[in-house]
Amino acid sequence: MLAPGGVFSNEDVDAGTRLLAENMVIMNDWDILDMGCGYGGVLGIVAAKLAPRGGRVVMVDINKLAVKLAAINIKINRVDNAEVRLSDLYSAVQGERFNTIISNPPITAGLDLNRRLIIEAKDHLKPGGLLQIVVPKKLRSRFEEILYGNYDIVERLAKSGNYIAYVAKVMG
């Protein structure tokens, strides 16, 4: 992955992203949103590779450099079923619905923004859709409060080191 300075985790794939990438649930024909794709769109590219026949990935980020680098990484990795858009949270995907939204959220942006990311995800999920998110263990209780308060089913996908990956679903 191409990742110069000025973007999060520019040396290597961070542990949280790696945990979610290795454990996320992706079906072949799903529409997938990588919310806050970051410098390389690692989660989106992995998801696209897991859904090569009929799957579609939209990667979004508010950082112009991250969007540019993610677009380059889509080409480098020869991913035909993914695109990247500049977006302030869900602004670039208004009216679109996804089978899953995957995210290693921007923790440094603060809890209010991350609360919006989690709550507003419901408006962009198809019926039975999944929000898959990874959070630092030290913030587990704050994120679990938001997840359990807004989703019918919340389960831990995996945990490793300082991170926990969750899957959340709204029934009906």
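Observations, loosely collected:
- Karplus 3J(HN,Hα) series, Hz, for the range 22-35 with 6.51 cos²θ - 1.76 cosθ + 1.60 (x for Gly, Pro): 7, 10, 5, 9, 9, 9, 4, 9, 7, 8, 10, 10, 9, 7
- Across the range 49-63, rounded Karplus estimates of 3J(HN,Hα) from the backbone phi angles (6.51 cos²θ - 1.76 cosθ + 1.60, θ = phi - 60°) give 5, 7, 10, x, 10, x, x, 9, 10, 10, 10, 10, 7, 7, 8 Hz, Gly and Pro being marked x.
- FRET E, pair residue 94, residue 152, Förster distance 25 Å, beta-carbon r, rounded to 0.05: 0.55
- With only Cα atoms counted, the range 15-169 has Rg and Dmax values of 14.1, 40 Å.
- Relative contact order for the chain: 22 percent, from Cα pairs under 8 Å spaced at least 6 residues apart, divided by residue count.
- Cross-link table 64/159; 64/169; 138/159, entries beyond 23 Å C-alpha to C-alpha: 64/159; 64/169
- The aspartates and glutamates within cross-link reach of residue 137, meaning a Cα-to-Cα straight distance under 14 Å and a gap of 8 or more places when in the same chain, are 145.
- From phi via Karplus (6.51, -1.76, 1.60), per-residue ³J(HN,Hα) for the range 107-115 in Hz, x at Gly/Pro: 3, 5, 6, x, 5, 4, 5, 5, 4
Read-outs throughout are calculated quantities, based only on the coordinates presented, and are distinct from any laboratory measurement. All figures in this text were calculated on a predicted structure; none of them were measured in a lab. Methodologically, a virtual Cβ is constructed for each residue, glycine included, from the backbone with ideal geometry; neighbour enumeration extends over all protein chains shown.
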